[in-house]
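Asker: Before we start, here is the structure in question, set down as structure tokens.
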Amino acid sequence: MTSFEGSASAERPRIDTNLVETLRSALRGPVCRKGETGYDEARSIWNAMIDRSPDLVIRCAGAADVIRAVRFAADNHLTIAVRGGGHNIAGSAVGDGGVLIDLSPMKSVRVDPEARRAWVGPGATLGDVDRETQTFGLAVPTGINSTTGIAGLTLGGGFGWLTRAFGMTIDNLISADVVTAKGELVHANASENPDLFWAIRGGGGNFGVVTSFEFRLHPVGPEVFSGLVVHPFAQAQELLKGYRRVAAEAPDALTIWSVMRKAPPLPFIPAEWHGREVLVFAACFAGSMADGEKAVAPLRRLGQPIADVLGPHPFVGWQSGFDPLLTPGARNYWKSHDFVQLSDDVIGVVTDAVSRLPGPECEVFLAQVGGAMSRVAPDATAYPQRGAHFIMNVHTRWRDIAQDRACISWARELFQATAPFATGGAYVNFIPADEADRTEKIYGGNYRRLTEVKRRWDPQNLFRLNQNIRPTA
């Protein structure tokens, strides 16, 4: 077989029209070429900086379609991009040329409330999962934006409001069905294909196409004590030092993130603050209302807030609360670091940068993690960054292409300035396309094992449109 090494921009093989028609007749889902219904919908993803045109889109209705799509691409030496929710910042959900395997129609979510299990299709979003599980007062620990796809989030690790209480998304993955590079459907769990199961928990889409996830559920909601406390940015350094102390003493059930940006025109923020820099503490407590109110009391004692909207909220609503600030259609560029602690140096560098935001939608957030996540051994899953207690995401977001240089340069400068204080690790789902050389360092001591698993399951590197792990020779 011809090797699949190379990039998506290499010379494109032509796809025989008769082969495409034969493929159409074998699938339940539609096959789309440029100009056909569904093509532009499938290739349009969350980050508007990504504008790529696959030769063929296969909109899969089930695992059988995925098997046929992978075999078709392999037999015809076509590159493969795999789309779940299309949220990946690097745009790996779509490539130029080749085949786009679109999993977004596969949105099924089935819950067994007695066993506290959920079986989820790869096209489901976090919102899809939450709406089903919360019917029974249960939840999977996932991310913070309901439109994010469950597949990409899980394969990269997955963290959010419940991570400190119940671990990462991958720590709650029980099993998965995976279509391999050979076009075979295999089951992976702790005892069946354990090397593959280890690798997909944080190793991204390098090892196959997951067609079903089985998750462990936890009692959460339907209401949680959560919300925002908004402060003037002028007091940010003092407040962040207080936040550092509060976070260190917080129970695992409490998660507090810090967000620094220009205030959006939210109804609970006084109008005179709209468009001005603010520091926002976002908190969520996975427990009783009374315990939650007690746990956030130290946070509420910090500074003189502009607004405090902490209180009982439906978990489904809280999980989608940031959606209006993260809608598709904007240009986005991210840079990320992990920190063991928020030193005075980090606080100084970050607050200085936020005082020079390049646009009204740009922000920096510091996500508190640790807790249950940190009690998993670094080599227990492919995701190794268990010692980090804060994950920084420098999120530049803008609309006008003329702002590209200013926004990207600002993010890179802050990334470089904070690098001396970081662990060197990072959350792979936050890595932009221009950081391919960072992959080995991110996985650290797990990287060698990942290359060996890659060699077993994808020796030709068919699945390479991702933060790629190359197979060992």
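The values are calculated or read from the model by the stated rules, or taken from the named source; none is laboratory data. Treat the numbers as computed from the prediction; the structure is a model and nothing was measured. Cβ sites come from the backbone with ideal geometry, for glycine too, and all protein chains shown count toward neighbours.
Asker: Output the qualifying pairs, or none if there are none: Cβ atoms under 7 angstrom, residues six or more apart or on different chains, first residue in the stretch 333-356 and within 16 Å of residue 424 (Cα to Cα), second residue among the charged types (D, E, K, R).
Answerer: Once the first residue is within 16 Å of residue 424 (Cα to Cα) and sits in the stretch 333-356, its partners that are among the charged types (D, E, K, R) give 335/412; 342/244.
Asker: Right, something else. I'd like the full set of residues that are in a loop (DSSP other than H, G, I, E, B) and either aliphatic (A, V, I, L, M) or within 17 Å of residue 83 (Cβ to Cβ) (or both), limited to the stretch 16-27. Give the steps one after another, and end with the answer.
Answerer: Kept after step one, since they are in a loop (DSSP other than H, G, I, E, B), are these residues of the stretch 16-27: 16, 27.
Residue satisfying the conditions is 27 alone.
Asker: I would also like to ask the following. Do any strands (runs of 3 or more DSSP E) entirely within the stretch 55-165 hold 3 or more residues that are in contact (Cβ under 8 Å) with a residue 60 or more places away in the chain and not aromatic (Phe, Trp, Tyr), and if so, which?
Answerer: Numbers: elements: 56-59, 80-83, 99-102, 109-112, 117-120.
Filter on the stretch 55-165 gives 80-83, 117-120.
Asker: Something else about it: Pairs needed: first member in the stretch 18-40, closer than 15 Å to residue 64 by Cβ; second member anywhere, of a type in the set (Ser, Thr, Tyr) and exposed (fewer than 11 other Cβ atoms within 10 Å of the Cβ); C-beta distance under 9 Å; at least 6 residues apart or different chains.
Answerer: Short answer, once both residue conditions are applied: 30/37.
Asker: For the structure I just gave you, tell me whether residue 217 is modelled with pLDDT of 95 or more, more than 17 Å from residue 382 (Cβ to Cβ), among the hydrophobic types (A, V, I, L, M, F, W, C) and within 23 Å of the chain's Cα centre (by Cα). Before the answer, list the steps.
Answerer: Details: modelled with pLDDT of 95 or more: yes; more than 17 Å from residue 382 (Cβ to Cβ): yes; among the hydrophobic types (A, V, I, L, M, F, W, C): yes; within 23 Å of the chain's Cα centre (by Cα): yes.
Criteria met by residue 217.
Residues are listed down the side, and each one gets a yes or a no for (1) crowded, with 22+ Cβ neighbours inside 10 Å; (2) aliphatic (A, V, I, L, M); (3) touching a residue at least 24 places away in the same chain (Cβ under 8 Å); (4) part of a helix (DSSP H, G or I):
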| residue | (1), (2), (3), (4) |
| --- | --- |
| 436 | no, yes, yes, yes |
| 439 | no, no, yes, yes |
| 450 | yes, yes, yes, yes |
| 467 | yes, no, yes, no |
| 471 | no, no, no, no |
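Asker: Which residues, counting only those in the stretch 176-197, are part of a strand (DSSP E or B) and surrounded by fewer than 19 Cβ atoms within 10 Å (Cβ to Cβ)? Walk me through it before giving the result.
Answerer: Quick first cut of the stretch 176-197, residues part of a strand (DSSP E or B) only: 176-179, 185-189.
If the condition is that a residue be part of a strand (DSSP E or B) and surrounded by fewer than 19 Cβ atoms within 10 Å (Cβ to Cβ), then 185, 186, 187, 189 are the ones that fit.
Asker: Let me ask something else about it. Filter the stretch 33-54 down to the residues that are part of a loop (DSSP other than H, G, I, E, B), small (Gly, Ala, Ser) and touching a Gly at 6+ places or on another chain (Cβ under 9 Å), then identify the one that is nearest to residue 329 (Cα to Cα).
Answerer: 48
Asker: Just the residues that are surrounded by fewer than 18 Cβ atoms within 10 Å (Cβ to Cβ) and free of Cβ contacts under 8 Å to residues at least 40 places away in the same chain, please, taken from the stretch 246-278.
Answerer: Hits for the stretch 246-278 are 248, 265, 266, 267, 270, 271, 272, 274.
Asker: Any chance you could count how many residues in the stretch 362-383 are surrounded by 20 or more Cβ atoms within 10 Å (Cβ to Cβ) and either assigned to a loop (DSSP other than H, G, I, E, B) or not assigned by TED's automatic domain parsing to the domain that holds residue 252 (or both)?
Answerer: 6
Asker: Could you look through the stretch 342-357, keep only residues that are closer than 21 Å to residue 262 by Cβ and of a type in the set (Val, Ile, Thr), and pick out the one that is surrounded by the most Cβ atoms within 10 Å (Cβ to Cβ)?
Answerer: 350
Asker: Could you tell me which residue of the stretch 164-218 is nearest to residue 103 (Cα to Cα), considering only residues that are small (Gly, Ala, Ser) and in contact with a Ser or Thr (Cβ under 6 Å, 6 or more places away or on another chain)?
Answerer: Initial filter on the stretch 164-218 (small (Gly, Ala, Ser)): 165, 167, 175-176, 181, 183, 188, 190-191, 199, 202-205, 208, 212.
Subsequent filtering for residues that are in contact with a Ser or Thr (Cβ under 6 Å, 6 or more places away or on another chain) retains 202, 208.
Working: 202: 19, 208: 13 Å.
If we take residues in the stretch 164-218 being small (Gly, Ala, Ser) and in contact with a Ser or Thr (Cβ under 6 Å, 6 or more places away or on another chain), then 208 is nearest to residue 103 (Cα to Cα).
Asker: Another question, if that's okay. Of a type outside the set (A, V, I, L, M), within 28 Å of the chain's Cα centre (by Cα), within 20 Å of residue 164 (Cα to Cα) and part of a strand (DSSP E or B): does that describe residue 226? I'd like the intermediate steps shown before the answer.
Answerer: Details: of a type outside the set (A, V, I, L, M): yes; within 28 Å of the chain's Cα centre (by Cα): yes; within 20 Å of residue 164 (Cα to Cα): yes; part of a strand (DSSP E or B): yes.
Here the answer is yes, as residue 226 does meet what is asked.
Asker: Would you mention how many residues in the stretch 402-412 are in contact (Cβ under 8 Å) with a residue 60 or more places away in the chain and either exposed (fewer than 15 other Cβ atoms within 10 Å of the Cβ) or not in a helix (DSSP H, G or I) (or both)? Show your work before the answer.
Answerer: Residues of the stretch 402-412 that are in contact (Cβ under 8 Å) with a residue 60 or more places away in the chain, as a first pass: 403-404, 407-408, 411-412.
Still in the list and also either exposed (fewer than 15 other Cβ atoms within 10 Å of the Cβ) or not in a helix (DSSP H, G or I) (or both): 404.
So the answer is 1.
Asker: Does residue 297 satisfy the criteria of being out of contact with any His (no Cβ under 8 Å at 6 or more places or on another chain) and surrounded by 17 or more Cβ atoms within 10 Å (Cβ to Cβ)?
Answerer: Numbers: out of contact with any His (no Cβ under 8 Å at 6 or more places or on another chain): yes; surrounded by 17 or more Cβ atoms within 10 Å (Cβ to Cβ): no.
When the stated conditions are applied, residue 297 does not pass them.
Asker: Any residue in the stretch 222-231 that is over 30 Å from residue 310 (Cβ atoms), out of contact with any Gly (no Cβ under 6 Å at 6 or more places or on another chain) and crowded, with 23+ Cβ neighbours inside 10 Å? I'd like the intermediate steps shown before the answer.
Answerer: Step one: filter the stretch 222-231 for residues over 30 Å from residue 310 (Cβ atoms), giving none.
Among the residues of the stretch 222-231, not one is over 30 Å from residue 310 (Cβ atoms), out of contact with any Gly (no Cβ under 6 Å at 6 or more places or on another chain) and crowded, with 23+ Cβ neighbours inside 10 Å, which makes the answer no.
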